[in-house]
Amino acid sequence: MFEYEEGVTELGANYFRYVQDLAEAAEKWEEKEQCGPPGRVAETGRAASRHIPMNVKHNVWRRDGGACVECGSRERLEYDHILPFSKGGASTYRNVQLLCEPCNRTKSASI
Ligand SMILES: [Zn+2]
């Protein structure tokens, strides 16, 4: 009985490690995905990164219908931090929206 329990515990620990490895691998993969064309993305921060993960971009794009949330334009779209990154805004689904470049510039100028 004791041996059995020990075996289960070990299995649990191994599984936990396995899940951690997966999460780490996914994180690394996302970081790689975020590194866009050279020059455009210079920052290489980690957790507190202004980079927006691919999955967040996908979800925001779907939520906002692939159009600027201000004027509905479908051209020159950018992912905008609703609460600016410089003010502590995170690169999360809730804090990112689609804005076209002109609307984004207008917003930036008003902050
Ligand atoms: Zn717009």
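Rounded, prolate or oblate, given the Cα gyration tensor of the stretch 50-111, with a/c below 1.5 counting as rounded? Judged from the Cα gyration tensor, the stretch 50-111 comes out oblate (a/c at least 1.5, b/c at or above a/b). Here's how it looks for Ile82: its modeled amide H is under 5 Å from those of Val96, Gln97, which are all 5 or more places away or on a different chain. The ranking of Leu99, Leu77, Leu83 by Cβ neighbour count inside 10 Å, starting from the fewest, reads Leu83, Leu77, Leu99.
Just so you know, all these numbers are worked out from the coordinates, no wet-lab data involved. Remember, predicted model here, so these are calculated numbers, not experimental data. Glycine gets a Cβ as well: all are built from the backbone with ideal geometry, and neighbour counts include every protein chain shown.
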